[in-house]
């Protein structure tokens, strides 16, 4: 090695304790197994209730009342599902939940994206005040709005209707805030170029902006569908007719029914809970890629 090469080659950093000795490079390889162990334990703790519910849905009455409890069914059975379908009108309740969740999700995607686009890309009088109102709505606990919403829906005659279950949640402050933040990342130069070419705001919104914010739409879809599907308090208050019950309300009513047997009733509750969870898992599985991309993009902002 020549003297010129030796001068230009990078030098190892000196050890702070022994200056004449090169410092050792620290790596995170030693911590990796420990992190895997901690993550595995945390995953097991979080997944344990779901696994217990899913396995209990296929247990016999003897396994459900066994002491000590058994995790794996000694005999797999579908009796809990058949008994549940015999005692409850599950297809009707499932349809009610599906209609409400889909309508709430679609309306949030439409209205929140429209308002988010207006707040992010349109210049109009009072825009900052509207956005401040959205932020203020985020700080209001949802339970405080139940009584005013009930009075309003009752005054409009929308109790025991799909409209009464959907309209109070047709547009959420969180969805507006989420879409506004994502749409701010769309380059203004792209929109100005489209306007110079003669494109209107509707064309820009549907053909340019919406395709660029698909991760945000997927994230909003998952959160909104999950919240609407699992919503319990409002459907319980806004429905008196059993034919309009959603799945959570129907299962809660069945759980408080004194006529159900303890063992078989618990098995049917586990089967019903599994049926409630499966649609949410299906939606997340379909939109998982966009949801992960949306979270990663939000972390880069």
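The values are calculated or read from the model by the stated rules, or taken from the named source; none is laboratory data. Being a predicted model, the structure only gives us computed values, none of them experimental. Backbone-built Cβ (ideal geometry, glycine too); neighbour counts: all protein chains shown.
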For this session: State all residues of the stretch 213-249 that are farther than 20 Å from residue 111 by Cβ and part of a helix (DSSP H, G or I); if no residue qualifies, say none.
Result: 233, 235, 236, 237, 238, 242, 243, 244, 247, 248, 249
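Checking the conditions here, which among 174, 169 is in contact (Cβ under 8 Å) with a residue 40 or more places away in the chain and more than 14 Å from residue 103 (Cβ to Cβ)?
174
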Exercise. Applying the selection to the stretch 64-84, what residues are part of a helix (DSSP H, G or I) and more than 13 Å from residue 270 (Cα to Cα)?
Worked result: none
Exercise. Would you say residue 94 is assigned by TED's automatic domain parsing to the domain that holds residue 217, assigned to a helix (DSSP H, G or I), touching a residue at least 24 places away in the same chain (Cβ under 8 Å) and over 30 Å from residue 277 (Cβ atoms)?
Worked result: no
Exercise. Would it be correct to say that residue 56 is assigned by TED's automatic domain parsing to the domain that holds residue 185 and either buried (at least 16 other Cβ atoms within 10 Å of the Cβ) or touching a strand residue (DSSP E or B) at 6+ places or on another chain (Cβ under 7 Å) (or both)?
Worked result: no
For this session: Tell me, yes or no, whether the stretch 202-219 has at least one residue that is within 25 Å of residue 139 (Cα to Cα) and surrounded by fewer than 19 Cβ atoms within 10 Å (Cβ to Cβ).
Result: no
